[in-house]
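Reading through the structure tokens given below for one structure.
Derivation of every value follows stated rules applied to the coordinates shown; laboratory data play no part. Nothing here was measured: the structure is a model prediction, and the numbers come from that model. Heads up, the Cβs are rebuilt from the backbone with ideal geometry, glycines too, and the neighbour counts pull from every protein chain shown.
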Amino acid sequence: APFVVSNSGAQGVEIGYSGGSSSNYVQAYNRSSSAFIQLDVIGSPLLFKSGSSATERMRLDSSGSLLVNTSTSRSVMDQAGNGPTPKLQIEGEDSNGIISVISAGDADANRCGTINLGRHRNGTVGGTPTIVQNGDALGAVVFSGGDGGDMLTCGAKIHAVVDGTPGANDMPGALIFSTTPDGQGHGFNT
């Protein structure tokens with residue numbers, strides 16, 4: 001049985017066993033507003049649940065991947081043709097697989113929703129950004145489709161490369177648009 005830390009009727013915090021299994025958990029809930037958060041702490045991913053039925057909405061798995069609206073981590077194609085498993089994955093049926101970035105700024109006409117893709121050559125995460133070189137890829141948008149077995153088949157991509165000699169406050173760049181002809185696998189036309 002769970003150990004109840006605090007409970008005021010429909011609200012509470014519990015520490016105990018999840019559904020009688022051997023998985024330890026901590027949960028906070030407010031049943032009157034259908035709010036429910038549960039953290040499985042031993043041998044399980046970190047789960048975020050909500051609603052009166054404690055439906056899973058998001059998880060942080062053992063590899064450090066944040067999965068939203070799915071418990072299945074999928075490998076995908078990157079711009080170089082590798083098949084890594086992403087650290088952030090959102091999956092939803094129909095229009096539920098959308099990411100929205102909106103700026104509500106009114107003072108500066110140039111401020112807007114922004115996605116920044118970047119790269120440096122220091123192999124240490126959080127380290128001082130080491131200068132990139134001519135020809136280095138800076139970022140990419142890759143368009144993949146299910147091929148009946150996985151999500152590792154890329155149909156098109158847009159990627160940015162360093163196009164010249166970079167220096168302090170000087171980053172020459174070019175955009176490359178690529179598509180894949182029918183029957184050529186990952187063979188891109190640029």
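Available extension along the chain between V68 and I115 is 15.1 nm, counting 0.36 nm per residue and deducting the alpha carbon span. Taking θ as phi - 60° and the Karplus parameters 6.51, -1.76 and 1.60, the scalar couplings of the range 122-131 work out to 7, x, 9, 5, x, x, 4, x, 7, 4 Hz in sequence order, x denoting glycine and proline. Considering only DSSP states other than H, G, I, E and B, which trypsin sites (Lys or Arg not before Pro) in the range 62-157 qualify as loop sites with at most 16 other Cβ atoms within 10 Å? Passing sites in the range 62-157 are K87, R111, R119, R121.
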